[in-house]
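Chemist: The structure's right below; bear with me while I get my questions together.
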Amino acid sequence: MPSICYTLGCLMGMDALDLTFRLEKQLGIKISQAEGIAVLFDTAGTIHRYLISKLQGEYQQVPRIEPLFKEVADAVNRITGWWRLTSSLDLNRRFSPATRAANWQALEDALGMSLPQLQQPADGEFPKTPRKCDSVISLTYWIVEHHPERVEWFPVSCERTGKMSTHQFSEDEVWAILCECICDALGVKPEEITPDSRMVEDLGMN
């Protein structure tokens, strides 16, 4: 998992840029950096839905999530006392088992909202953060989904470009193209990709 950064823009490494380029070429669309940051670091299913709506001219707006990402990252750093940029994005690593419950409560207080309850493993002594928000990235997306008022939203361009600009893609075609592009950009196998696969945490995008 990549190191914690102050903006998601810092995470737009070669993998993300390569994936963006491949999707643009295959589908005849243009993905701005702001759109990429707002969508490409979530799940494969989120990207799929975004691509379909964009191709159909229905995608209206995306969240400007970098300020929220920084807010979450800064809160985690204050709670743990780790100020190095090499600190992990994984909240189960950032919050030690013995203090995880207290740290989770402190994070709720810092963000001013209730978060999903910690999960108590059947065979473990200490609770874990739920999978849907167990990293700084996934927690940021969770907040966007459940508290959309916490972010600014901006319009998306659905203009088609290139030789594929007039092709009408089915949902299955878009999924197949997305999986192919992910495999080529990240070096993963097709069977590793599901709609719930997280691009950074599960598929290793950097």
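Chemist: Is it fair to say M113 is touching a Leu at 6+ places or on another chain (Cβ under 7 Å) and either open to solvent by 80 Å² or more (accessible area, probe 1.4 Å) or assigned to a loop (DSSP other than H, G, I, E, B) (or both)?
Modeler: No.
Chemist: Can you tell me how many residues in segment 119-133 are touching a helix residue (DSSP H, G or I) at 6+ places or on another chain (Cβ under 7 Å), open to solvent by 20 Å² or more (accessible area, probe 1.4 Å) and under 17 Å from H146 (Cα atoms)?
Modeler: Total meeting the criteria: 1.
Chemist: Now for a separate question. Is one or more of the residues making up segment 136-152 touching a residue at least 60 places away in the same chain (Cβ under 8 Å), part of a strand (DSSP E or B), under 16 Å from I37 (Cβ atoms) and open to solvent by 70 Å² or more (accessible area, probe 1.4 Å)?
Modeler: For segment 136-152, residues touching a residue at least 60 places away in the same chain (Cβ under 8 Å), part of a strand (DSSP E or B), under 16 Å from I37 (Cβ atoms) and open to solvent by 70 Å² or more (accessible area, probe 1.4 Å): present.
Chemist: How many residues does segment 173-202 hold that are aliphatic (A, V, I, L, M) and under 16 Å from L51 (Cα atoms)?
Modeler: Total satisfying the criteria: 6.
Chemist: Any chance you could count how many residues in segment 187-206 are surrounded by fewer than 17 Cβ atoms within 10 Å (Cβ to Cβ) and outside any loop (DSSP other than H, G, I, E, B)?
Modeler: Total satisfying the criteria: 3.
Chemist: I would also like to ask the following. Quickly run through segment 27-86 and pick out the residues that are of a type in the set (G, A, S), in contact (Cβ under 8 Å) with a residue 60 or more places away in the chain and not in a helix (DSSP H, G or I).
Modeler: Those that are of a type in the set (G, A, S), in contact (Cβ under 8 Å) with a residue 60 or more places away in the chain and not in a helix (DSSP H, G or I): G28, S32, G57.
Chemist: Can you list residue pairs whose Cβ atoms sit under 7 Å apart, with the first residue in segment 177-191 being over 12 Å from E24 (Cβ atoms) and the second being open to solvent by less than 30 Å² (accessible area, probe 1.4 Å) and outside any helix (DSSP H, G or I)? Count only pairs 6 or more apart in sequence or on different chains.
Modeler: C179/I193; I182/V188; I182/I193; I182/L203; L186/L203; L186/M205; V188/L203
Chemist: Looking at segment 111-132, can you tell me whether even one residue there is under 29 Å from E24 (Cβ atoms) and either without any contact (Cβ under 8 Å) to a residue 12 or more places away in the chain or of a type in the set (V, I, T) (or both)?
Modeler: no
Chemist: Against the conditions (1) open to solvent by less than 10 Å² (accessible area, probe 1.4 Å); (2) touching a Ser or Thr at 6+ places or on another chain (Cβ under 9 Å), where does Y50 fall short? Just the number, please.
Modeler: (2)
Chemist: Count, please, the residues in segment 168-186 that happen to be assigned to a loop (DSSP other than H, G, I, E, B), surrounded by 13 or more Cβ atoms within 10 Å (Cβ to Cβ) and not aromatic (F, W, Y).
Modeler: Of the residues in segment 168-186, 0 are assigned to a loop (DSSP other than H, G, I, E, B), surrounded by 13 or more Cβ atoms within 10 Å (Cβ to Cβ) and not aromatic (F, W, Y).
Chemist: Can you name the residue in segment 80-98 that is open to solvent by 80 Å² or more (accessible area, probe 1.4 Å) and farther than 21 Å from K132 by Cβ and is also modelled with the lowest pLDDT among such residues?
Modeler: In the first step, residues of segment 80-98 are kept if they are open to solvent by 80 Å² or more (accessible area, probe 1.4 Å); the result is 82-86, 93, 98.
Subsequent filtering for residues that are farther than 21 Å from K132 by Cβ retains 82-86, 98.
Details: W82: 63, W83: 52, R84: 48, L85: 43, T86: 40, A98: 90.
This residue is T86.
Chemist: List the number of the failed condition for D123; all other conditions in (1) within 18 Å of the chain's Cα centre (by Cα); (2) in a loop (DSSP other than H, G, I, E, B); (3) of a type in the set (D, E, K, R) hold.
Modeler: All conditions pass for D123, except number (1).
Chemist: Can you pull out every residue in segment 53-77 that is surrounded by fewer than 19 Cβ atoms within 10 Å (Cβ to Cβ), closer than 30 Å to M164 by Cα and over 14 Å from the mean Cα position of the chain (by Cα)?
Modeler: Selection gives S53, Q56, G57, E58, Q60, Q61.
The values are calculated or read from the model by the stated rules, or taken from the named source; none is laboratory data. The structure presented is a predicted model; accordingly, all values stated were derived computationally and were not measured. No Cβ is skipped: glycine too gets one built from the backbone with ideal geometry, and neighbour counts run over all protein chains shown. For the accessible areas, the whole protein counts, side chains as well, though only heavy atoms, and no ligand, DNA or RNA atoms are used. Shrake-Rupley method; radii C 1.70, N 1.55, O 1.52, S 1.80 Å.
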